[in-house]
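This report concerns only the one structure given below.
The values are calculated or read from the model by the stated rules, or taken from the named source; none is laboratory data. These numbers were taken from a predicted model, which means no experiment stands behind them. Glycine also receives a Cβ, built like all others from the backbone with ideal geometry; neighbour counts cover every protein chain displayed.
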Amino acid sequence: MTTTTTQTTTPATASATIANLESAFAGESMAHIKYRYFAKIAREAGDEETARHFEATADQEVMHAFGHLDLLYPKSRLTPARALEIAIEGETYEFTTMYPTFRHLAVEEGNQAAVAEFDEQIAESREHAEAFRALLEKAAKRFAALAKVEEKHANAYQQVLDRVRAVAV
């Protein structure tokens, strides 16, 4: 998830606090991944104690990030469908705007390794967005079918209630 994505999906009353929470979330997320990477390097070097320390700290960074997300995306206002919409927005931003911009700058600088990395991320972000979109569409169909079943049950209960009332009168 990118900071820009978060900004477009948080409440319209964006504030310095919201911006700070987004920044803190990004920092904690980055620290988590960085420490996982450092643990991998330490373990490959045979330093199991350092690897475990990096992993333990990485776990704490995730919990910090979740705390920020709880404030940015309150559970009371977040449904699975809304989470999918946010994910689609984020992945679409990545493959339409963020990575193409990064790629352009890498081309200008002649950094072919970065160009290749950004190309890969553009393709993967597109795939992620499409997968999230398919899941959202599947869920919508499932909920529509469920609504029809619930309506059928409600109508049946209403018919029984109408008969009971007619007999009672």
*For segment 23-80, what are the residues that are over 30 Å from residue 137 (Cα atoms), surrounded by 14 or more Cβ atoms within 10 Å (Cβ to Cβ), among the small types (Gly, Ala, Ser) and free of Cβ contacts under 8 Å to residues at least 40 places away in the same chain?*
27, 31, 39, 42, 51, 58
_For the list (1) closer than 30 Å to residue 142 by Cβ; (2) at pLDDT 95 or above, I need the number of the one condition that residue 118 fails._
(1)
*Among the residues listed as 123, 65, the single one being under 20 Å from residue 29 (Cα atoms) and modelled with pLDDT of 95 or more*: 65
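I need the full set of residues from segment 71-115 which are of a type in the set (D, E, K, R) and in contact with a Phe, Trp or Tyr (Cβ under 7 Å, 6 or more places away or on another chain), in order please.
91, 103
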_Entirely in segment 44-111, the helices (runs of 4 or more DSSP H) that have 1 or more residues that are in contact with a His (Cβ under 9 Å, 6 or more places away or on another chain)_ = 48-72, 80-93
_without any contact (Cβ under 8 Å) to a residue 60 or more places away in the chain, assigned to a helix (DSSP H, G or I) and of a type outside the set (Gly, Ala, Ser): is that true of residue 150 in this structure?_
yes
